[in-house]
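Notes follow once the structure below has been shown.
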Amino acid sequence: MCRRIAEGTRWSKCGHFQRHLVVAIMDCNSAKCERSYLHPRGCRDPGCIKNFGPEVQKDIDTVKDECFQCRAAAARRLPQS
């Protein structure tokens with residue numbers, strides 16, 4: 001299964017990754033993967049893999065905080081006064 005290589009920000013307190021850019025595609029070299037250069041043109045096999053595999057996450061910077069979604073979820077959990 002081919003994979004995308006993405007660059008982005010890692011939020012150190014929650015560990016989440018915010019993708020900024022897909023910089024490359026890692027080819028799996030499988031004839032059964034529709035994303036690979038080795039997949040035959042015109043193939044109609046329903047068993048072929050159609051989606052990318054897990055993304056390779058390359059940290060280009062780190063923020064010592066929680067991501068926006070985690071901060072919003074924490075704010076919703078606070079009791080309203």
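The values are calculated or read from the model by the stated rules, or taken from the named source; none is laboratory data. Everything numeric here is computed off the predicted structure, so don't read it as measured data. We place every Cβ from the backbone using ideal geometry, glycine too, and count neighbours over all the protein chains shown. Only protein heavy atoms, including side chains, enter the accessible area calculation; ligands, DNA and RNA are left aside. Shrake-Rupley method; radii C 1.70, N 1.55, O 1.52, S 1.80 Å.
Here are some notes:
- Residue within the stretch 37-56 that is hydroxyl-bearing (Ser, Thr, Tyr) and in contact (Cβ under 8 Å) with a residue 12 or more places away in the chain present: no
- Check on ALA72, exposed (fewer than 12 other Cβ atoms within 10 Å of the Cβ), at negative phi and free of Cβ contacts under 8 Å to residues at least 60 places away in the same chain: yes
- Odd one out for TYR37 among (1) touching a His at 6+ places or on another chain (Cβ under 7 Å); (2) within 11 Å of CYS2 (Cα to Cα): (1)
- Search result, residues across the stretch 3-30 that are open to solvent by less than 60 Å² (accessible area, probe 1.4 Å) and either without any contact (Cβ under 8 Å) to a residue 12 or more places away in the chain or of a type in the set (Asp, Glu) (or both): GLU7, GLY15, ASP27
- Residue list for the stretch 44-60, restricted to those being surrounded by 11 or more Cβ atoms within 10 Å (Cβ to Cβ) and either modelled with pLDDT under 95 or of a type in the set (A, V, I, L, M, F, W, C) (or both): CYS48, ILE49, PHE52, VAL56, ILE60
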